[in-house]
1. Give me the percent of accessible area attributable to carbon and sulfur for the stretch 37-76, probe 1.4 angstrom.
2. If the chain between residue 10 and residue 82 were fully stretched, how many nm would it gain, using 0.36 nm times the residue separation less the Cα-Cα distance?
3. Summing -39500 (n - 2.57) over the DSSP H runs of n ≥ 4 in the chain and dividing by its residue number, what mean residue ellipticity at 222 nm do you reach, to the nearest 500 deg cm²/dmol?
4. Which FRET efficiency value, to the nearest 0.05, is calculated for residue 123 and residue 60 with the Förster distance at 22 angstrom and r the Cβ-Cβ distance?
5. Quick test of the membrane-span-like rule: which DSSP H helices of the chain reach at least 24 Å along their long axis (C-alpha atoms) with mean Kyte hydropathy at least 1.0?
6. Enter the accessible area per residue of the chain (Å², integer; probe 1.4 Å; all protein chains in place).
7. So if we plug the beta-carbon distance of residue 107 and residue 71 into 1/(1 + (r/R0)^6) with R0 = 25 Å, what FRET efficiency do we get, rounded to 0.05?
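The values are calculated or read from the model by the stated rules, or taken from the named source; none is laboratory data. Keep in mind it's a predicted model, so treat the numbers as computed, not measured. Positions of Cβ are generated from backbone atoms using ideal geometry, with glycine treated the same way; all protein chains shown enter the neighbour counts. Calculation scope for accessible area: heavy atoms of the full protein, side chains included, ligands and nucleic acids excluded. Shrake-Rupley method; radii C 1.70, N 1.55, O 1.52, S 1.80 Å.
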Amino acid sequence: MNGWIAAATVVLAGGLGTTLWGVSTGGLGRRVIAQNLSTALVCPGLLLLAQGYGRTSYVDLALLLALLGPVGTLVFARLLADELAEEAPGGWGPTWAAVAVGAVVVVVLCAASGPGRAMVKLLIVGTLLIGGNLLASRALSGGFPGVGRG
């Protein structure tokens with residue numbers, strides 16, 4: 001086991017524990033935020049595993065997850081807008097923590113990979129991950145007026 005795999009284990013274990021706690025102990029708002037958090041923490045875990053095992057296919061999975069994870073959260077926000085309006089979730093603490101983890105992982109991996117195609121792909125994954133997570137969290141907290149109103 002190298003340092004990349006150990007870091008991936010820490011990120012994935014912390015993300016899984018936090019997500020399971022959020023899903024099992026909360027109302028609808030907390031469960032949806034936990035789902036968004038799981039996406040935001042599995043993606044950096046996959047990037048670290050890609051570096052640790054030397055498999056670029058894991059970066060492709062992270063790219064797909066960074067693109068589709070926030071979209072899934074936005075679908076939940078749209079479909080559950082009326083229920084979420086009653087109990088507006090306030091998960092900005094976990095959101096900023098996940099953003100920080102994603103940003104640190106992407107910056108460190110960019111430094112490790114050096115300039116080239118791999119770095120461009122990592123920057124795209126990081127942008128999608130951070131931007132999508134912030135957008136989805138804002139939608140969940142009721143930040144877009146008119147969502148869910150017919």
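1. Roughly 72 percent, rounded to a whole number.
2. Going from the current span to full extension adds 22.3 nm.
3. -28500 deg cm²/dmol
4. 0.90
5. 3-24, 57-79, 92-113, 117-140
6. 53
7. 0.55
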